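A short worksheet on the structure shown next.
Readers should treat all values here as calculations from the given coordinates under stated rules, not as data from a laboratory. Worth saying up front: this structure is predicted, and the values here are computed from it rather than measured. All Cβ positions, glycine included, derive from the backbone under ideal geometry; neighbour counts span all protein chains shown.
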Amino acid sequence: MGFGGAAPAETQPRRHSTVVTYARAPPDPDRPRGERQVEVLSGRTAVVTGAASGIGEGLAERFAAEGMNVVLADVEEEALAITAKELEAAGARVLAVPTDVSDRGSVDDLAGAATHAFGNVHVLCNNAGVAGGGIPIWATTANDWSWVLGVNLMGVVHGIQAFVPGMVAHGEEGHVVNTSSVLGLSGGNGSIYSVTKHGVARLTEGLWHDLRAAGSAVSASVLCPGLIATRIVSSDRNRPARLRDPDTDPAGSADRARMRETVQARFLADGMAPSDVASMVVDAIRSNRFWILTHPASIKPLVEQRLRSVLDDGPPAGGFGMGG
Ligand SMILES: NC(=O)c1ccc[n+]([C@@H]2O[C@H](COP(=O)([O-])OP(=O)(O)OC[C@H]3O[C@@H](n4cnc5c(N)ncnc54)[C@H](O)[C@@H]3O)[C@@H](O)[C@H]2O)c1
């Protein structure tokens, strides 16, 4: 499904009151390819997974406001169509592609559709994710692992494998942003989610090195959000029937449902606006910054505590408490 009718970048409405602009250095054509950044976003193409809601929707809105062609991918088809229509109504050039990032074939189809619609892809945000865990590791099920690993970790791997070869081959500046979490940097209790987010952080460090070694004009960043006002707590809405466990499904317990509502309310009340996260991501792309910490003042001490526990041969460090 495609939506045409791009407006020039300067006429794109700013949909958020909180969009921040940053001073930046002029492009330097003499810099090595791996150290160049994507300076000009207007007219280029961004692909965002998990674009129907939350951070992904914020990224899509911001990229559209920058005058980019935006490819929206999400498994939640109804929400995806609504987001696409809103962006289209605001004058953006968008393509909405129902996609399950845990399925490599589905992500390959996304890459094909994106290239067919807009040509070269310049910015790839592997952002789709689901919350999972919150119970001791030994109480989790094989289905829990298949679902959360499949979306949060393999979804990022699939995005890299489906898009990066083309991004490297076309030779223009590009950028990959993978969404991890504060829980991908900190210690804390057992959770499948944290395992996947540590994986995404380390995977992205490796991607950065691999791109440099290949002399590519594509760079990479890892987004590590703290508390953001999204519906991540209600991720179960997207859990496939084949990976549900009737006996242990959190949605099946009244206590768990109440707890989820309380936590969800806290995310929406206290979380940072997705539009602010999008501003940080755009700044990091333009300045080619690797680590994107949305709440550095509270995240960095957690990183320090974790590394200190390793260096001091101490017990594992504590964590963020709750949330993504
Ligand atoms: N909200 C937070 O506080 C927070 C904190 C740290 C990290 N994150 C991460 O941010 C990312 C975005 O989450 P969010 O907070 O915006 O939550 P969200 O639930 O609002 O958005 C996640 C999106 O991913 C989509 N999705 C789920 N499974 C999918 C699949 N198999 N294929 C394609 N799309 C799928 C959902 O439909 C949804 O639109 C996630 O990776 C999440 O782990 C969120």
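Would you mind classifying region 54-113 by shape? Square roots of the alpha carbon gyration tensor eigenvalues, ordered a ≥ b ≥ c; an a/c under 1.5 is rounded, otherwise it is prolate if a/b is larger than b/c and oblate if not. Prolate, because a/c is 1.5 or more and a/b exceeds b/c.
Under a Gaussian network description of the chain, with springs only between Cα atoms under 10 Å, the residue in 287, 181, 275 that fluctuates furthest is 287. Let a ≥ b ≥ c be the square roots of the eigenvalues of the Cα gyration tensor of region 224-324; is it rounded (a/c under 1.5), or, if not, prolate (a/b larger than b/c) or oblate? Note, shape of region 224-324 comes out oblate. Karplus-derived 3J(HN,Hα) values for region 210-222, using 6.51 cos²θ - 1.76 cosθ + 1.60 with θ = phi - 60°, are 4, 5, 4, 4, 7, x, 7, 8, 9, 10, 8, 9, 10 Hz; glycine and proline are entered as x.
Once backbone amide H atoms are built at 1.01 Å from N, residue 71 has 46, 47, 48, 95 as its partners under 5 Å, excluding neighbours fewer than 5 places away on the same chain.
Computed per residue of the chain from DSSP H runs no shorter than four, each worth -39500 (n - 2.57), the mean residue ellipticity at 222 nm is -13500 deg cm²/dmol. Among residues other than residue 264 with Cβ under 14 Å from its Cβ, the summed charge is +3 (Lys and Arg +1, Asp and Glu -1). Applying 0.36 nm per residue to the separation of residue 289 and residue 261 and subtracting their alpha-carbon distance, the gain on full extension is 6.5 nm.
Report the convex hull volume per residue for region 31-311, counting only C-alpha atoms, in Å³. Write down the numbers at each step before the final one.
On the way: hull volume 36.7 nm³, N = 281.
Here the figure is 131 Å³ per residue.
Taking label points 7 Å from Cα along the Cα-to-Cβ direction, residue 77 and residue 202 give a separation of 3.8 nm. Against the main long axis of the alpha-carbon atoms of the chain, helix 296-311 sits at an angle near 60°. In a reduced charge model with +1 at each Lys and Arg Cβ and -1 at each Asp and Glu Cβ, the chain shows a dipole moment near 400 debye about its Cα centre. Helix 254-270 sits at what angle to the longest principal axis of the chain, using alpha carbons and giving 0 to 90 degrees rounded to 10? It works out to around 40 degrees.
Based on Cα contacts under 8 Å between residues 6+ apart, region 31-311 shows a relative contact order of 22 percent.
Of all beta bridges DSSP finds with both residues in the chain, what is the antiparallel percent, to the nearest 5? Spell out each step's value before the answer.
Working: 2 of 30 bridges.
Expressed as a percentage, antiparallel bridges in the chain total about 5.
Close amide-amide hydrogen proximity is noted between residue 231 and 54, each under 5 Å apart and 5 or more residues distant or on a separate chain (H modeled in the peptide plane; Pro and chain starts excluded). Oblate is the label for region 135-206, because a/c, from the alpha-carbon gyration tensor with a ≥ b ≥ c as root eigenvalues, is 1.5 or above and a/b does not exceed b/c.
Think of the chain as having a plus end and a minus end, set by charges on the Cβ of Lys, Arg, Asp and Glu; of 50, 282, 60, 282 sits farthest toward the positive end of this dipole.
Between the helical axis of 154-170 and the longest alpha-carbon principal axis of the chain there is an angle of about 20 degrees. Distance from the alpha carbon centroid of region 195-209 to that of region 114-175 works out to 11 angstrom.
Taking amide H atoms as placed 1.01 Å from N in the peptide plane, the amide H of residue 177 lies under 5 Å from those of 124, 125, 126, 221, each 5 or more residues away in sequence or on another chain. Projecting the Cα atoms of 238, 314, 222 onto the charge dipole of the chain (Cβ charges, centred on the Cα centre) puts 314 farthest toward the positive pole.
Taking 0.36 nm per residue of separation and subtracting the current Cα-Cα distance, fully stretching the chain between residue 304 and residue 254 would add 14.2 nm.
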